[in-house]
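K.L.:
Can you keep this structure in mind? I'll have questions shortly.
Bear in mind that the values in this text are calculations on the coordinates, not laboratory data. Here the structure is a predicted model, which means the values were calculated and not measured. No Cβ is skipped: glycine too gets one built from the backbone with ideal geometry, and neighbour counts run over all protein chains shown.
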Amino acid sequence: MNSETTNLIAALEEKFDAINQNTNTHLEGLLWAKPITYWDYIQTDALLNLQTQRTILPDEMVFIMYHQVNELLFKMILWEMKQICHCEKPETQFFTDKMMRISRYFDMLTTSFDIMGDGMEVAQYMKFRNTLTPASGFQSAQYRLIEFASTDLINLIDFRFRATIDRNTPYSHAFEHLYWQAAGKDYRTGEKSYLIQEFERKYRDEFLRYMEEYNTINLWQKFKQLPENDQKNADLVAAMRHYDRTVNITWVMGHYNAARKYIESGQGSGEATGGSDWKKYMHPKYQRRIFFPELWSEEELKNWGEDC
């Protein structure tokens, strides 16, 4: 037995001793294990069988797969966020690298809107969209989790109500005034659309837990916990600003323009599938979603989303 093999076995014994396991049992298990294959590791068959059309229209498959890809990217983003937010004292370079990873995922999402904007026939979409009602991309829970993990909750509150909410406000009250409530809630009567009712029925408890969990460890709070000099690191600040603008302007406007092409095509009612006032809900100049306002100048804040 050569020295390399001896060292590997010694390392394995150390590993398994630490968890009170018998090394020989695990080594014998390798005798009967099947070699791994790409399709088993990636679970290709399962993944490719997750697309179920509700109509006979071919472009509906494009629509389904596109949104499933989005959700996978959202999961990748949350994976990186958790590593930053749950690290007690992240190094500046680690923070910067993770932020750039997150931004690259959102860059992919931004550039992918051509698939939606130019990749489906308008006539087909305007037919199969009626079978989707009242479902809506608005109901992506992972996207809401990304927002909660990104910034202080006050920056996600409907702009009209921010002056009435602070860190001492109960999470349940703040939840009722999140900016996306405007997509389906009549603030005069308090009545919510079916779209939001169903969304909250499934995810409200999880959202409230997440809001509390990330209250002091969101990306902005972790940034503010860095040493003062590190908060001035040019690469990190650039990464934070790039992420903020990409998520809250570039990606949102990509979605907005793709939706406008179909919804304003003249072939339907002009409403989103969930029935929301999609223009005021989506356009950044209305809700002014900004994750890191302190990293922008007064002029930049004043003109947020105006150049779209």
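K.L.:
Go through the range 235-252 residue by residue and turn each phi into a ³J(HN,Hα) via Karplus (6.51, -1.76, 1.60, θ = phi - 60°); whole Hz please, and just put x for glycine and proline.
P.N.:
Listing the rounded values in order: 5, 5, 4, 4, 5, 5, 5, 4, 4, 4, 5, 4, 6, 9, 10, 4, 5, 4 Hz.
K.L.:
Through the Karplus equation 6.51 cos²θ - 1.76 cosθ + 1.60, θ set to phi - 60°, convert the phi angles of the range 218-232 into ³J(HN,Hα) values in whole Hz; use x for Gly and Pro.
P.N.:
Ordered by residue, 3J(HN,Hα) equals 5, 4, 5, 5, 5, 5, 5, 7, 5, x, 4, 5, 5, 5, 9 Hz.
K.L.:
Here's another thing I want to ask about it. So if each residue of separation counts as 0.36 nm, and I subtract the Cα-Cα distance between His26 and Glu212, what length gain in nm does that give?
P.N.:
Separation in residues times 0.36 nm, less the Cα-Cα distance, equals 62.8 nm.
K.L.:
Also: Kindly flag which residue pairs out of Lys202/Lys232; Lys192/Lys224; Lys127/Lys202; Lys192/Lys285; Lys127/Lys185 have an alpha-carbon separation exceeding 30 Å in this structure.
P.N.:
With Cα atoms farther than 30 Å apart: Lys202/Lys232; Lys192/Lys224.
K.L.:
Taking square-rooted eigenvalues a ≥ b ≥ c of the alpha carbon gyration tensor, is the chain rounded, prolate or oblate, where a/c under 1.5 means rounded and, failing that, a/b exceeding b/c means prolate?
P.N.:
It comes out oblate by the Cα gyration axes.
K.L.:
Here's a follow-up. Around Cys87, under 10 Å between beta carbons, what's the net of Lys plus Arg minus Asp minus Glu among the other residues?
P.N.:
Neighbourhood net charge equals +2.
K.L.:
If you don't mind, another one. Relative to the longest principal axis of the chain, what angle (0 to 90°, nearest 10) does the C-alpha long axis of helix 92-111 take?
P.N.:
Helix 92-111 and the main axis of the chain meet at about 50 degrees.
K.L.:
So who's got an amide H within less than 5 Å of the one on Thr151, skipping anything under 5 residues away but keeping other chains? H placed 1.01 Å off N, in plane.
P.N.:
The list, which skips near neighbours in sequence, is Leu219, Trp220.
K.L.:
Grab the beta carbon distance between Gln225 and Asn168, set R0 = 22 Å, and tell me the FRET efficiency rounded to 0.05.
P.N.:
0.60
K.L.:
Let's see if you can work this out: charge +1 on each Lys and Arg Cβ, -1 on each Asp and Glu Cβ, no other charges. What is the dipole magnitude of the chain about its Cα centre, in debye to the nearest 20?
P.N.:
So the magnitude is around 940 debye.
K.L.:
If you take the square roots of the eigenvalues of the alpha-carbon gyration tensor of the range 1-96 and sort them as a ≥ b ≥ c, do you get rounded (a/c under 1.5), prolate (a/b over b/c) or oblate?
P.N.:
Oblate shape, in that a/c is at least 1.5 and b/c is the bigger or equal ratio.
K.L.:
Spin-label point model (7 Å from Cα, Cβ direction): what's the Lys15 to Asp45 distance in nm?
P.N.:
Placing both labels 7 Å along Cα→Cβ, they lie 2.8 nm apart.
K.L.:
Can you figure out the FRET efficiency of Asp114 with Gln53, using R₀ = 22 Å and their beta-carbon distance, to the nearest 0.05?
P.N.:
So, using R0 = 22 Å, E works out to roughly 0.50.
K.L.:
Another question, if that's okay. Please give the FRET efficiency for Lys302 paired with Met61, using the beta carbon to beta carbon distance and R0 = 51 Å, rounded to the nearest 0.05.
P.N.:
It comes to 0.70.
K.L.:
Next question. Which length gain, in nm to one decimal place, applies between Asp205 and Thr133 when the Cα-Cα distance is subtracted from 0.36 nm times their residue separation?
P.N.:
Length difference between fully extended and current span is 23.5 nm.
K.L.:
While we're here: Based on the mean of other Cβ atoms within 10 Å per residue, sort peptides 9-16, 41-48 so the most packed one is first.
P.N.:
Highest-to-lowest ranking by the protection proxy: 9-16, 41-48.
K.L.:
Under a 5 Å amide H to amide H cut-off, with H placed in plane at 1.01 Å, what residues pair with Leu178 once short-range neighbours are removed?
P.N.:
Hits under the 5 Å cutoff: Asp158.
K.L.:
Calculate for the chain the 222 nm mean residue ellipticity that helices alone would give, adding -39,500 (n - 2.57) per DSSP H run of length 4 or more and normalising by residue count, nearest 500 deg cm²/dmol.
P.N.:
That comes out to -17000 deg cm²/dmol.
K.L.:
May I ask you to list the residues of the range 52-93 whose amide nitrogen lies under 19 Å from a point 7 Å from Cα along the Cα→beta-carbon direction of Glu121?
P.N.:
Correct set: 53-66.
K.L.:
Rg and Dmax of the range 64-210, using alpha carbons, in Å: what are they?
P.N.:
17.6, 53
K.L.:
To the nearest 20 debye, what charge dipole does the range 1-141 have about its Cα centre, counting +1 at the Cβ of each Lys and Arg and -1 at the Cβ of each Asp and Glu?
P.N.:
Around 480 debye, computed over the range 1-141.
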